[in-house]
Amino acid sequence: MKLDVIAFDADDTLWVNEPRYIAAEARLRELLSPYADGEAVAHDLHATEIRNLTSFGYGVKAYTFSMIETAIALSNGHISGTEIDGILQVGRRMMQAPVEVFEHVEPTLAKLSPQRDLMILTKGDLVEQGDRIARSGLAKYFRYIEIVREKTVESYRGLLQQRRIDPQRFLMVGNSMKSDILPVLELGAYAVYIHYDGTWEHEKAQIPDRLPTTYKEIKHIGVLPDLIETIEGG
Ligand SMILES: [Mg+2]
């Protein structure tokens, strides 16, 4: 058996993502310290962020809106234009932050890409993710680059059908149980989980007691080529 497509989640799988958000939250706590304590800022920001997912989606732009909305709410509308500008700067800095590719990523992609079709499969803002992919320097390794709205069973199924990829010969690698692993397993495909300490709460999920044999777990991406050989060897 040979796998046809190896797909990779991007944020916190290929490169560092969540720590940017943690740093921005810390900065927002400082900026809003005249109006609310840090705990209240964190709590309100997270609630606003989740509520805004349906209207603004994922990513820094949506997060910046949520930071501003939080500031307006916690200051009872008294936040000044200058202070809002300070929040916009936080968002801008997140956007411009260098893309920090994890160790082992590039050699792994270089090893796999000559023999197999690789895919980046990420969700979020089209412009933002496109820019991060370009700046990562990794685009050359991928045959497919897919940026989707959400990673659900339906969106995976639609994508695989559209690309004529057999789920049994598809493998997805990622750090999110909820987005990268569980929906992929449900389609009968292979899913490889790489734990990342900083993973966003929202991306965690209850792990079922019994996982199918197509579920695999590795410590870091550097051991993926060996795992793939094992899978293909039967
Ligand atoms: Mg991720």
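Only the coordinates and a few stated rules stand behind these numbers; no lab work does. Predicted, not measured: the structure shown is a model, and the values here were computed from it. Neighbour counts are summed over all protein chains in view; Cβ atoms, including those assigned to glycine, are modelled from backbone coordinates with ideal geometry.
Okay, here's what the table says:
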{"read-out": "Ranking of Ser55, Ser66 by count of other Cβ atoms within 10 Å, fewest first", "value": "Ser55, Ser66"}
{"read-out": "Efficiency of FRET between Asp226 and Tyr144 - r from beta-carbon atoms, R0 25 angstrom, step 0.05", "value": "0.60"}
{"read-out": "Cα gyration tensor shape for the range 136-234, rounded if a/c is under 1.5, else prolate or oblate", "value": "rounded"}
{"read-out": "Gap separating the Cα centres of the range 27-70 and the range 162-234, nearest whole Å", "value": "31 Å"}
{"read-out": "Inter-label distance for Arg135 and Gln89, nm, one decimal - labels placed 7 Å from Cα along Cα-to-Cβ", "value": "1.8 nm"}
{"read-out": "Net lengthening on full extension, Arg164/Lys2 (0.36 nm per residue, minus Cα-Cα)", "value": "56.8 nm"}
{"read-out": "Point-to-point label distance, Ile207-Leu187, nm (Cα→Cβ direction, 7 Å offset)", "value": "2.3 nm"}
{"read-out": "Theoretical FRET efficiency, 1/(1+(r/R0)^6), r = Cβ-Cβ of Thr152 and Ser80, R0 30 Å, to 0.05", "value": "0.15"}
{"read-out": "Local net charge near Arg116, Cβ-Cβ under 13 Å (Lys/Arg +1, Asp/Glu -1)", "value": "0"}
{"read-out": "Angle in degrees between helix 153-162 and the longest Cα principal axis of the chain, rounded to the nearest 10", "value": "50 degrees"}
{"read-out": "Prolate/oblate/rounded call for the range 45-98, Cα gyration tensor, a/c under 1.5 rounded", "value": "oblate"}
{"read-out": "Degrees, to the nearest 10: 126-136 long Cα axis against longest axis of the chain", "value": "70 degrees"}
{"read-out": "The range 115-217, dipole about Cα centre (Lys/Arg Cβ +1, Asp/Glu Cβ -1), debye to the nearest 20", "value": "440 debye"}
{"read-out": "About the Cα centre, charge dipole magnitude for the chain (Lys/Arg +1, Asp/Glu -1 at Cβ), debye", "value": "780 debye"}
{"read-out": "Fewest-first ranking of Lys123, Lys151, Lys178, using other Cβ atoms within 10 Å as the exposure measure", "value": "Lys178, Lys123, Lys151"}
{"read-out": "The range 80-156: C-alpha gyration tensor shape, a/c 1.5 cut-off, then a/b vs b/c", "value": "oblate"}
{"read-out": "Sequence-distant residues sharing a close amide H with Phe8 (under 5 Å, placed H)", "value": "Met119, Ile120, Leu121, Val173"}
{"read-out": "Pairs of Lys in the chain closer than 21 Å at Cα, counting only those 8 or more apart or on different chains", "value": "19"}
